[in-house]
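The values are calculated or read from the model by the stated rules, or taken from the named source; none is laboratory data. Here the structure is a predicted model, which is why all the values come from computation and not from measurement. Note that we place each Cβ from the backbone using ideal geometry, even for glycine, and neighbour counts take in every protein chain shown. To get the accessible areas, we keep the full protein, side chains included, count just its heavy atoms, and leave off ligands, DNA and RNA. Shrake-Rupley method; radii C 1.70, N 1.55, O 1.52, S 1.80 Å.
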Amino acid sequence: MKVFAPASIANLGPGFDSLGVALEGLGDVVQARRTDRPGVALVEMTGEKENIPTDPDKNCAGRAAESVLRQLKGKAAKEAGLEMRLHKGLPQGSGLGSSAASAVGGAVAAHLLFGSALGSNTLLEAALEGEALASGSRHADNLAASLLGGFTIVRSHAPLDVIRLELPSAMRFVVVLPGMEIETRFARSVLPEMISLKDAKSNWANTAALVAAVARGNLPDFGRAVDDQVVEPVRSRLIPGFADVKRAALEAGAFGCSISGAGPALFAVANADTAEKVALGMHAAFQRHGLPSRHFICPPDNRGARRLD
Ligand code: HSE
C-alpha cells in the first residue's frame with residue numbers, strides 16, 4: 001500500500017488555524033504493509049528526514065497509524081501489525097504542512113490496510129495525534145487540507161467540523177522557502193493572547209472574502225483577501241526580509257502574499273502566466289537579505305491524500 005499525502009498552506013493570511021489549501025506535487029509518501037508483529041514499526045525514512053524521530057511513537061506518521069489501529073475492534077485491535085516506510089518530500093519546520101502530510105499519510109495508509117471503515121473526522125482525529133507531537137497543539141488546518149484536498153475550512157475543532165471547496169485549477173501558489181527553520185511550537189508561542197477588535201474585524205472580513213472568492217473562482221479577489229492584521233505582523237519579524245519579499249511578489253504581479261502556515265515559507269497567489277516571475281522576484285529579495293531559498297510553483301491539489309498503487 002502506497003499513499004501520497006499533499007503538502008499544504010495553512011492560515012492563508014487571515015484564517016489562523018481555520019483555512020488551508022492542498023498543494024499539487026509536494027508531499028510525503030507512506031508505504032505500509034501488514035505484518036504479524038502487533039503495533040507499528042517504522043523501518044525506513046528517506047528524503048528530507050533531518051531531525052525527524054524514527055521511534056513510531058514519536059513520529060507523526062507512526063503515531064497517527066497507531067491511533068487508527070487502536071480504533072479497530074476486537075481481536076484485530078490486539079493483533080494488527082503494520083510496517084511503514086516514510087518518504088519525506090518536505091523538510092520539517094518549513095510552514096508547508098510537513099508534519100501534517102506525514103500524519104495524514106500514516107493515518108490513511110493504516111486505514112486502507114485495515115478495512116477503510118472510519119469516517120474522515122475520525123481519520124482527522126487520528127492524524128491530530130501525530131500533528132500534536134510536532135507542534136504541541138491540536139489544530140487541524142493543514143491536516144484537513146492534506147486529507148481532503150482543495151480549500152478547507154475547519155469551522156470547529158471540538159467537535160471537528162470541516163467544510164471543503166474545490167479550487168480553480170488555473171490558480172498557482174508560489175511557495176518560497178528560505179534556508180532556515182521555524183519550529184511551529186515557537187511560532188505559536190510568540191502570538192498574543194489578546195488582539196484588538198479592530199484587527200479581529202479586519203481578519204473576519206477578509207476570511208469571509210476569501211471564501212467568497214473561492215466560491216466564485218476569482219483569483220484577484222482571493223489574493224486581495226490574503227490580508228492578515230493579527231498573526232503576520234508578529235511572525236513576520238521571525239523572517240529576515242519579509243517585507244521586501246512580499247513587496248517583490250506583489251510588484252511581480254502576485255494577487256496576494258503572506259506567511260505559509262507558521263513559516264518561514266511565504267506563499268503568493270498568482271496565475272500560470274505570472275507565477276515564474278513572482279517566484280524569481282521573491283527569491284531575489286531573500287537573496288538581498290543573505291538568505292538562499294528554493295521555490296515551488298504549485299496548482300491546487302483538489303484530490304487530497306490518495307492511494308498511489
Ligand atoms: N495554523 C498553524 C499555525 C499552522 O499557524 O501555527 C502551522 O501548524
When region 79-110 is checked residue by residue, the ones that are hydroxyl-bearing (Ser, Thr, Tyr) and open to solvent by 10 Å² or more (accessible area, probe 1.4 Å) are 99
Restricting the search to region 141-175, which residues are assigned to a loop (DSSP other than H, G, I, E, B) and more than 13 Å from the chain's Cα centre (by Cα)? 158, 159, 166, 167, 168, 169, 170
Could you check how many residues of region 276-294 are open to solvent by less than 60 Å² (accessible area, probe 1.4 Å) and under 26 Å from residue 19 (Cβ atoms)? 8
Pull out all pairs, ordered by first then second residue, where Cβ-Cβ is under 7 Å, the residues are six or more apart or on different chains, the first lies in region 202-225 and is of a type in the set (Asp, Glu), and the second is open to solvent by less than 30 Å² (accessible area, probe 1.4 Å). 221/213
Any chance region 231-243 includes a residue that's of a type in the set (Ser, Thr, Tyr), open to solvent by less than 50 Å² (accessible area, probe 1.4 Å) and either assigned to a loop (DSSP other than H, G, I, E, B) or touching a residue at least 40 places away in the same chain (Cβ under 8 Å) (or both)? no
Can you find, within region 191-214, the residue that is farthest from the ligand (Cβ to nearest atom) among those that are within 13 Å of residue 234 (Cα to Cα) and surrounded by 13 or more Cβ atoms within 10 Å (Cβ to Cβ)? 199
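Quick grid of which residues meet (1) within 11 Å of the chain's Cα centre (by Cα); (2) open to solvent by 10 Å² or more (accessible area, probe 1.4 Å); (3) over 30 Å from residue 80 (Cα atoms):
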position	(1), (2), (3)
4	no, yes, no
8	yes, no, yes
13	no, no, yes
31	no, yes, no
46	no, yes, no
Collect the residues in region 50-78 that are open to solvent by less than 10 Å² (accessible area, probe 1.4 Å), of a type in the set (Gly, Ala, Ser) and over 17 Å from the mean Cα position of the chain (by Cα), keeping them in residue-number order. 62, 65, 67
Scanning region 1-27 for residues that are part of a strand (DSSP E or B) and of a type in the set (Gly, Ala, Ser), the one nearest to the ligand (Cβ to nearest atom) turns out to be 10
